[in-house]
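Here's the structure we're looking at; comments come further down.
All of the numbers you see were taken from the coordinates with simple rules; none came from a lab. All values derive from a computational prediction rather than experimental measurement. Here Cβ is always computed from backbone atoms with ideal geometry, including for glycine, and neighbour counts include all displayed protein chains.
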Amino acid sequence: MEFMVLGPLEVTHDGRTLELGAPRQRAVLAFLLLRANEVVPTDRLAEALWPGEIPKTAAKAIQVYVSGLRKAFGSARDVLETRGPGYVLRVGAGEFDLHEFERLIATARGEEPTARLATLRNALSLWRGAPLSDFAYEEFVQPEAARLEELRQHALEERIEAELGAGGGSELIAELQSLVTERPLQERPLSLLMRALYRAGRQSEALEVFREGKRSLDQALGLEPGPELKELERAILRHDPALAATAPSTTVALRSLVVVPETEAASELVLPLADVLAGRPIRRELVLARIVPASELAATTAALDEVRRELSARGETVRVAAFSSAAPGEDVVRLAGQRETDLVLLATDGDPLDGPYAAVFEQTTCDAAALVAAGGAVRAGPVVVPFGAFEHDWAALELGAWAAAALDRPL
């Protein structure tokens, strides 16, 4: 059998597309596929199918939907097993387009340029549209769909990078212009478009892309372009021969750690932790942002710039921004979304789930954590993660392992 979610939900068996039944029955399959080879309890399925109020007949209805799916699978019905309090959908190697896409992306990272380009093309060819587009309005799909779109965007940029490294140029411009239009505040598409334009002999247009990107970053986020983009502008102005070379670029954009202290006191508490997390176990760009009233912008900008100079002097890559906002949580999500962000780390005085930044935990597609100022500074001792094996507990465990490694503490 072949299961496909990189587009509308589809299942084929022996070359035939299967009829999967009514929308809610298809939703059961979608939920199980997003957790393929894991036991999914019936109550979690019910919460996904009936967000809000779960009917008393939910368990019986789910049994009927599972029975309907097994009937649709025919001779392959045994891939959908009843296990303990729930169900598990068994998916083998090469049978699930999402797993195959992730495998190809991982394979491409270690390949030489020609093979890497071919692998990335194969990975992107698996996409048939927006992931699970027939469930776009289902709450249980939206976070995973957002993650998958980010993975596809990254793979697309990697493929274009490989095309440029192989000598491509003018044929990539239209595709890159579309990418920049979709994500005008992301620097990598800007960089790739500038290089493609320069390679095609259109230097003035490449420089105009930089100027327009700089204006957009300043107006939307109060940020300057990063050092890589600025260096690319200088390289274009001096006609750097390296821009015409066919060797792949060795510049790897750093992933980001976005830190947002609510107050100056919270900033003093969170900065030592953020400093360590940004440097270990791998190096990350530290983006430090403060959202303050308009009357405090000048003083806050000066204070942040002092922090930036101090950290930069130690060899760290740091960006700072101060701005006003009527919707702080949404703007933090937007800031994180413009970069390859691993973690949004908030520092708040009160309950982070019931304050101006609550939307971060509801909307961000990366990990999010909060340091509550009432708890004081991070103290000595092991990193403790309460764990109950629920979905978000695994993310907490991963974050705890990161903190333990960075702080050189036991977990």
Positive minus negative residues near residue 21 (Lys, Arg vs Asp, Glu; Cβ under 12 Å): +3
Among 238, 121, 202: highest mean-square fluctuation, GNM of the chain, C-alpha pairs under 10 Å: 238
Proxy reagent accessibility, fewest Cβ within 10 Å first, across 185, 69: 185, 69
Cβ-based net charge around residue 362, under 11 Å, with every Lys or Arg adding one and every Asp or Glu removing one: -2
Electrostatic dipole magnitude of the chain [Cβ: Lys, Arg +1; Asp, Glu -1; Cα centre; debye, to 20]: 720
Alpha-carbon radius of gyration plus Dmax, which is the widest Cα pair, for the stretch 167-253 in Å: 12.2, 35
Charge context of residue 266, other residues only, Cβ under 11 angstrom, K/R +1, D/E -1: -3
Net dipole in debye of the stretch 167-253 [+1 Lys, Arg Cβ; -1 Asp, Glu Cβ; about Cα centre; nearest 20]: 140
Top of 302, 370, 130 by mean-square fluctuation, Gaussian network on the chain, Cα under 10 Å: 302
Backbone HN-Hα couplings from phi across the stretch 69-82 [Karplus 6.51/-1.76/1.60, Hz, Gly and Pro as x]: 5, 4, 5, 5, 6, x, 5, 9, 4, 5, 5, 9, 9, 8
Fewest-first ranking of 268, 2, using other Cβ atoms within 10 Å as the exposure measure: 268, 2
Debye intensity ratio in log₁₀ form over the Cα atoms of the stretch 1-156, taken at each q of 0.09, 0.16 Å⁻¹: -0.31, -0.91
Three-way shape call for the stretch 256-379 based on the alpha-carbon gyration tensor, with the a/c threshold at 1.5: rounded
Gain on full stretching of the segment that runs from residue 78 to residue 327 - 0.36 nm per residue minus C-alpha separation: 84.7 nm
The chain: proportion of alpha-carbon pairs further apart than 31 angstrom, %: 49
Size of electric dipole in the stretch 256-379: Cβ of Lys, Arg +1 and of Asp, Glu -1, about Cα centre, debye, nearest 20: 500
Neighbour-count order for 57, 42, fewest beta carbons within 10 angstrom listed first: 57, 42
